Amino acid sequence: MIMKYRYVERYLYKGQRVEVYLDGEAKVLMMDITNFRKYREEKPCDYYGGKVKISPAHLKVPHNGFWYIVVESPVKKETIHYTVSIY
């Protein structure tokens, strides 16, 4: 199965909040580099977040490091427009 997703990579600090505003339903996932690589290979991976029906999605950063915020479309042909804000 080929997934349609987009992502942003940021260095984030423990306790920061990530808000993702969406124009439709999507999965919003936050993961480190190890799990992002597994995700891209469609292997089991660990992440924070999940399916979002009502925007915005709210995530809290568990520890300092590089994080990937992934927005996955529920339909592989569809593009979801989104905005990521970090507080």
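Work through the residues other than residue 83 whose Cβ is under 11 Å from its Cβ and net out their charges, Lys, Arg +1 and Asp, Glu -1.
-2
Quick one: of 4/27; 4/60; 14/51, which pairs are farther than 20 Å apart, Cα to Cα?
Violating the 20 Å Cα-Cα cut-off are 4/60; 14/51.
With θ set to phi - 60°, apply the Karplus curve 6.51 cos²θ - 1.76 cosθ + 1.60 along region 47-64 and write out the HN-Hα couplings as whole Hz, x wherever there is a Gly or Pro.
7, 10, x, x, 6, 10, 9, 10, 7, x, 8, 10, 10, 10, 6, x, 6, 4
What net charge is computed for the residues neighbouring residue 69, neighbours being all others with C-beta under 13 Å from the C-beta of residue 69, Lys and Arg scored +1, Asp and Glu -1?
For residues surrounding residue 69, the net value is +1.
Would you mind counting up the charge near residue 20? Only other residues with Cβ under 15 Å from its Cβ, with Lys and Arg at +1 and Asp and Glu at -1.
+2
So how long is each side of the chain along the principal axes, counting just the alpha-carbon atoms, biggest first, in Å?
34, 27, 16
Under 16 Å from the Cα of residue 38, which aspartates and glutamates turn up, not counting those fewer than eight places away in the same chain?
Partners found: 9, 46, 72.
Taken together, the values in this text are just the output of simple stated rules run on the coordinates, not laboratory data. Please read all numbers here as calculations on a predicted model, not as lab measurements. Every residue, glycine as well, gets a Cβ built from its backbone with ideal geometry; the counts of neighbours run over all protein chains shown.
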